[in-house]
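All remarks here apply to the structure that follows.
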Amino acid sequence: MSQGLAFVFNTVLILIEDFMFLLLITGLFTPKHRGLVTGAWFFTLSFLSCVLLYFFGDSGILKIALSLGLYTGWAMGAYKTSWKKAVFTVLFWIAYVTIGDICLMALLTAATGQGMTELMRDAGTYYLFCFCIKTAELLGIVILRAWLHSHVVNETLTLADLLRVIVFPAAMLAVSLFLIRFYIRVPELAAELAICNAILLAADFASAFLALYLEHQQKLSHDNVILRENMKRQIDNVETWRAAFDNQRRQTHDFQNHLLVLHGLIEQKGLQGEALQYIEKLQKTDSNSMLPFRTNRMVVDILLNQKLAIAESRKILFLSQLDDLSRFPLTDDNLITVLSNLIDNALEACEKIKDPERRVIDLKMRVESSASYLYIENTTAFPVLIRDNRILTSKEENTEHGYGLQNVYAVLDQADAIYLVEYVPEKQSFIFSAQIPLPMQEV
């Protein structure tokens, strides 16, 4: 085999290993860059790893140490992660590739009856085996990334999703093993079979890259759906406040007319009795009709009254049991973050229920001497999947439960709260409950 072809083969192997590392790390961390910048970072990693191999390929421990530094630095520069997590990920990847190379090479040599010494003498056979090994390792990384993405992102991984991810790498591995079998029958074609295996591996590489790109596009599409949902909610909020403002204007206008009538009655001597009767009639008017929620937290009252108006417009029954919330141990902005996200999620879930009689939201908030309690329950149209106190969302769902609840979790974690999410199949309802401790000076 010529030196030029060996150089090409070595470069292809390095690119495949770097791409495997890229697949692994994208299943764990969020990238800092998008588009061409991400491609530039990957090109830089591949170039430096090639330089590392060609200058330090025979150094053993030194090569591993330099690789650890290179891939850790690259991971921290391209992804949002700490150095500890980056080092652990790189160590896992190096161990995976090293142990995979040794074990799979031992299996192939044992299966074909090739000795390691004989294998190293024939470049065609060596690269044929290497490409088969990298195809198997790439399939393993694809499966591992799908599993990590399911557990880290809390996105449901269905059997169809898994098959869609692994079907092409698995097919490439099957073809690669077939080439190994063909090599056993015709050893003289080792170099040609190695070239075929390299082409298959490149196709496998391209298919994995395409799957990564499609996943990114799907995420962008999902984010656009969420943005439209947010815009819809903002429009609903504006309409609710506009209706409330119009109603307030009418009441203000009526109040001015009432004042004019009272002024005229008082000006007329002997009509004080009629004036008093008129005032008593006005006093019987329900002054709380505009603000049914009164918790001694102005921002909460405004928010809850707004959400109540939205619920009524969507034919959703909004129940509540609320204490005096003046001592509730969250700042106004944090409390609004928690309540708005929880109630918006509940409104969205109830709106999907076809039968209006089943659309119910029940909100309870209690303040006691040592802690405060928040409880919200809403009926749902479909079962809610929960794992590790988190809601699992599938790729097809247009809900933003995951995004809204992440904000709720962040606020409650900061307040050292204990919270629980659960789904009750018997009631077809989702429940979120939390216990928030009071500050020490208030206990």
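Read-outs throughout are calculated quantities, based only on the coordinates presented, and are distinct from any laboratory measurement. Note that the coordinates shown come from a computational prediction; the quantities given were computed from them, not determined experimentally. Using ideal geometry, Cβ is built from the backbone for each residue, glycine included, and neighbour counts are taken over all protein chains shown.
Sort the following peptides by mean Cβ neighbour count (other Cβ atoms within 10 Å, averaged over residues), highest first: 299-309, 14-24.
My ranking of the peptides, most packed first, is 14-24, 299-309.
Report the Rg/Rh value for segment 3-230, based on alpha-carbon coordinates and the Kirkwood definition of Rh. Please report the intermediate quantities before stating the final value.
Details: Rg = 18.6 Å, Rh = 18.8 Å.
Looking at segment 3-230, the ratio lands at 0.99.
At q = 0.09, 0.10, 0.11, 0.21 Å⁻¹, what base-10 log of I(q)/I(0) does the Debye formula yield for segment 298-442 when every alpha carbon is treated as an equal point scatterer in vacuo?
Result of the Debye calculation: -0.27, -0.33, -0.40, -1.44.
Quick check: net charge around residue 24, other residues with Cβ under 13 Å of its Cβ, Lys/Arg +1 and Asp/Glu -1?
Values: positive: 85, 145; negative: 17, 18, 137.
For residues surrounding residue 24, the net value is -1.
Just the projected area, averaged over all directions, of the convex hull on the alpha carbon atoms of segment 304-379: how many nm²? Working shown, then result.
Numbers: hull surface 19.4 nm².
Spelled out: convex hull of the Cα atoms, projected over all directions, averaged, 4.8 nm².
Looking at segment 298-442, how many pairs of lysines come closer than 21 Å at the Cα, when each pair is eight or more places apart or spans two chains?
Summing the qualifying lysine pairs gives 12.
Based on the mean of other Cβ atoms within 10 Å per residue, sort peptides 417-423, 373-379 so the most packed one is first. Don't jump to the answer; show the numbers that get you there.
On the way: 417-423: 15.6, 373-379: 20.1.
Per-residue Cβ counts within 10 Å, averaged per peptide and sorted highest first, yield 373-379, 417-423.
Mind checking the full-extension length gain between residue 59 and residue 8? Use 0.36 nm per residue of separation minus the Cα-Cα distance, one decimal, nm. Mind showing how you got there, number by number?
Details: separation 51, 0.36 × 51 = 18.36 nm, distance 2.13 nm.
Extending this stretch completely gives an extra 16.2 nm.
Want the number for residue 202 to residue 315: 0.36 nm per residue separation, take away the alpha-carbon distance, what's left?
Values: separation 113, 0.36 × 113 = 40.68 nm, distance 5.66 nm.
Length gained, residue 202 through residue 315: 35.0 nm.
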